[in-house]
1. Which one is nearest to LYS51 (Cα to Cα) among residues in segment 5-39 that are of a type outside the set (A, V, I, L, M) and buried (at least 16 other Cβ atoms within 10 Å of the Cβ)?
2. Among the candidates GLU44, GLU4, GLU35, GLU10, single out the residue that is of a type in the set (D, E, K, R) and touching a Lys or Arg at 6+ places or on another chain (Cβ under 6 Å).
3. Of all residues in segment 10-54, how many are more than 11 Å from the chain's Cα centre (by Cα) and either in a helix (DSSP H, G or I) or at positive phi (or both)?
4. I need every pair where a residue in segment 2-23 that is under 17 Å from GLU35 (Cα atoms) and touching a residue at least 40 places away in the same chain (Cβ under 8 Å) has its Cβ under 6 Å from the Cβ of a residue that is acidic (Asp, Glu) and surrounded by 10 or more Cβ atoms within 10 Å (Cβ to Cβ), sequence separation at least 6 or different chains.
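Readers should treat all values here as calculations from the given coordinates under stated rules, not as data from a laboratory. This is a predicted model, so every value here is computed, not measured. Cβ: placed from backbone, ideal geometry, glycine included. Neighbour counts: every protein chain shown.
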Amino acid sequence: MFQEMLFLAEHGVPWDLSKTWSRARRMAACVAISERKGAVFSWETMTYLQKAGE
């Protein structure tokens, strides 16, 4: 939970706001930010997928 909070804070989400969110919402926000940066997340397996060639 704390790492999620730090990740969100580093990406501009106010600490006071993210601490009111459920764990599921914080995780979804972290995934959305990561995907905007190029990561690929599988909701079926709940894991980040490795891109071809990595």
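1. We begin by selecting, within segment 5-39, every residue of a type outside the set (A, V, I, L, M); these are 7, 10-12, 14-16, 18-23, 25-26, 30, 34-38.
The next check asks that each one be buried (at least 16 other Cβ atoms within 10 Å of the Cβ); those that pass are 7, 18, 21, 26, 30.
Numbers: PHE7: 22, SER18: 29, TRP21: 30, ARG26: 24, CYS30: 19 Å.
Ranking the qualifying residues of segment 5-39, first place goes to CYS30.
2. Values: GLU44 fails: touching a Lys or Arg at 6+ places or on another chain (Cβ under 6 Å); GLU35 fails: touching a Lys or Arg at 6+ places or on another chain (Cβ under 6 Å); GLU10 fails: touching a Lys or Arg at 6+ places or on another chain (Cβ under 6 Å).
Just one listed residue meets the conditions, GLU4.
3. 9
4. That search, which allows pairs on different chains as well, returns nothing.
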